[in-house]
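Below you'll find the structure, written out as structure tokens, and then a few comments.
The values are calculated or read from the model by the stated rules, or taken from the named source; none is laboratory data. In this text the structure is predicted, and so the values were computed from the model without any measurement. Note: ideal-geometry Cβ built from the backbone for every residue, glycine included; neighbour counts use all protein chains shown. All accessible areas refer to the heavy atoms of the entire protein, side chains included, with ligands and DNA or RNA removed. Shrake-Rupley method; radii C 1.70, N 1.55, O 1.52, S 1.80 Å.
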Amino acid sequence: MAGVDTLSPQIESRNDLIEAMERGAKPADQWCIGTEHEKHVFHTNPLRPVAYEGEQGIKALLAGIEKETGWHPFYDGDNPIGLRNNEIAGGISLEPGGQFELSGSPMTDLHGTAAELSEHMRVTKKVAAPLDIHFLGLGVTPLWAVEDIKAMPKSRYGIMTKYMGETGTLGTSMMYRSATVQTNLDFSSEIDMVKKLRVSLALQPVATALFANSPFADGRDTGYLSFRSEIWRNTDDDRTGMLPFVFEPGFGFERYADYALDVPMYFVIRDKKYINVAGESFRDFLDGRLPQLPGEKPTIKDWEDHLSTLFPEVRLKQFLEMRGADMGDEAHVVALSAFWTGLLYDETSLESAWELVKNWTDEDREHLRREVPRLGLDTPFDRSSIFDIAAQAVGIAEAGLVRRNRLNAQGQDETIYLAPLEETIRTGKAPAQRWLEKFHGEWNQSVLPIFKEAEL
């Protein structure tokens, strides 16, 4: 098998598929918090997206950050497409439209998350300023169409772009125009994973409503509070959604593996090159019947790569990845991790959150996913609206963070990072609603002021 990653063993049985996820389990005293966020990039003189090449391009930005931090570049062919901090496992990568992503290091508490984010923004803005590169904290770029945005030179995105154009109505908008913030959290066992996955899937639309921050696209009011979430509802149904099977009796790692096996593939990596296998079956690959690699069987690395191409509202790998929130300002980036950490990393809070959602049906959860992008916290639910559920969830998260009792140098616990959500609950307005008030008021229905006001 020329070109196969020889450090990754070949898959010998179904148990290998399960073990690839199961080995993420760790005791509670080793749980960490991983925060990832994507920032739109733009020039101001004139106002336009940022290309990869050129003296003021993304490539130059990466080179400047490499010089400033000593992080190590990684490549797609001859093109640097990101940086790694090999010492503490953090990294910078590029999304298809140049969205600049920090994959944060695993942190033991939210104070570490906040400090890491602050330092990342300090360094990134310092390097970016002479290049006239700016960063926007919104879930969807408010002005440019997909065709206005220059693609980054990453082979996997070339494969995905073609496939997305064939499988959903807004898949390329997801790739090139959207930006999210995600929280990655650990589990201790299969039982713990199942409970956390069920709670977080059910509450993901609630998080979408709390963090709704993408009301604009193409220079206009889209009619949605989280247009990013609506984009995802129209992106490749095979690999997105609320995963109703997670709530069925007997769900566990094996059932998730069966789901993943039925999701069409995108690519296989050989000799550091991406082979287009879009639409093919991983089950056929297991049997050595992949047309592009006849007779060849997959490695564990191939399976892990495939798992990374699934995009449900919560993704299971060797941790759980919360995927329902729009990108926002720095405070909202940390607030997302505070919300989920408070809910899932305290046993009392986890049980309280489960009590909140355990009687919801598949129809209830799908109703929320369908309506929240448009209506946000005002989405009708259970003779009221999900505002009440959101308020309870924030309260449960706050209590969980109090019980964690992780203090910073000033003696403050992690509840300080919930402040943006407490403001949303106090006012009843998510960030998108505040932007819309300005858009239909002082901005005279122009999105241009948001490039200044939502700049990071």
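Looking only at the stretch 131-153, which residues are touching a residue at least 12 places away in the same chain (Cβ under 8 Å) and over 17 Å from Arg228 (Cβ atoms)?
Restricting attention to the stretch 131-153, the residues satisfying the condition of being touching a residue at least 12 places away in the same chain (Cβ under 8 Å) are 131-146, 148-153.
Correct list: Leu131, Asp132, Ile133, His134, Asp148, Lys150, Ala151, Met152, Pro153.
Do we find that Gly34 is at pLDDT 95 or above, outside any loop (DSSP other than H, G, I, E, B), open to solvent by less than 30 Å² (accessible area, probe 1.4 Å) and closer than 25 Å to Lys162 by Cβ in this structure? Don't jump to the end; show me each part of the working.
On the way: at pLDDT 95 or above: yes; outside any loop (DSSP other than H, G, I, E, B): yes; open to solvent by less than 30 Å² (accessible area, probe 1.4 Å): yes; closer than 25 Å to Lys162 by Cβ: no.
No; evaluated as a whole, the condition is false for this residue.
Kindly indicate which of Leu377, Leu343, Leu401, Leu293 is buried (at least 19 other Cβ atoms within 10 Å of the Cβ), without any contact (Cβ under 8 Å) to a residue 40 or more places away in the chain and hydrophobic (A, V, I, L, M, F, W, C). Give the steps one after another, and end with the answer.
Values: Leu377 fails: without any contact (Cβ under 8 Å) to a residue 40 or more places away in the chain; Leu343 fails: without any contact (Cβ under 8 Å) to a residue 40 or more places away in the chain; Leu401 fails: without any contact (Cβ under 8 Å) to a residue 40 or more places away in the chain.
Matching residue, one of Leu377, Leu343, Leu401, Leu293: Leu293.
Results for (1) open to solvent by less than 10 Å² (accessible area, probe 1.4 Å); (2) under 30 Å from Pro27 (Cα atoms); (3) in contact (Cβ under 8 Å) with a residue 12 or more places away in the chain; (4) among the hydroxyl-bearing types (Ser, Thr, Tyr), shown as yes or no for each residue.
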residue: Leu261; (1), (2), (3), (4): yes, yes, yes, no
residue: Ile275; (1), (2), (3), (4): no, no, yes, no
residue: Ala278; (1), (2), (3), (4): no, no, yes, no
residue: Ser281; (1), (2), (3), (4): no, no, yes, yes
residue: Asp287; (1), (2), (3), (4): no, no, no, no
residue: Asp305; (1), (2), (3), (4): no, yes, yes, no
residue: Glu313; (1), (2), (3), (4): no, yes, yes, no
residue: Arg323; (1), (2), (3), (4): no, yes, yes, no
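Looking only at the stretch 223-241, count every residue that is surrounded by fewer than 21 Cβ atoms within 10 Å (Cβ to Cβ) and part of a loop (DSSP other than H, G, I, E, B) and tell me the total.
So the answer is 2.
Name the residues in the stretch 263-273 that are assigned to a strand (DSSP E or B) and open to solvent by 50 Å² or more (accessible area, probe 1.4 Å), would you?
Initial filter on the stretch 263-273 (assigned to a strand (DSSP E or B)): 267-270, 273.
Of everything in the stretch 263-273, just one residue is assigned to a strand (DSSP E or B) and open to solvent by 50 Å² or more (accessible area, probe 1.4 Å), namely Lys273.
Consider the stretch 380-398. How many of its residues are without any contact (Cβ under 8 Å) to a residue 60 or more places away in the chain and within 19 Å of Val314 (Cα to Cα)?
Looking only at that region, the number is 1.
Looking at Pro449, is it without any contact (Cβ under 8 Å) to a residue 12 or more places away in the chain and loosely packed, with under 14 Cβ neighbours inside 10 Å?
On the way: without any contact (Cβ under 8 Å) to a residue 12 or more places away in the chain: yes; loosely packed, with under 14 Cβ neighbours inside 10 Å: no.
Judged against the criteria, Pro449 is not a match.
Mind counting the residues in the stretch 1-24 that are under 23 Å from Gly90 (Cβ atoms), open to solvent by 30 Å² or more (accessible area, probe 1.4 Å) and at pLDDT 95 or above?
Count: 1.
Right, Thr113: modelled with pLDDT of 95 or more and open to solvent by less than 10 Å² (accessible area, probe 1.4 Å) or not?
On the way: modelled with pLDDT of 95 or more: yes; open to solvent by less than 10 Å² (accessible area, probe 1.4 Å): yes.
Here the answer is yes, as Thr113 does meet what is asked.
I need the full set of residues from the stretch 38-74 which are of a type in the set (Phe, Trp, Tyr), closer than 30 Å to Arg270 by Cβ and touching a residue at least 40 places away in the same chain (Cβ under 8 Å), in order please. Spell out the reasoning first.
Kept after step one, since they are of a type in the set (Phe, Trp, Tyr), are these residues of the stretch 38-74: 42, 52, 71, 74.
The next check asks that each one be closer than 30 Å to Arg270 by Cβ; those that pass are 52, 71, 74.
The answer is Tyr52, and nothing else.
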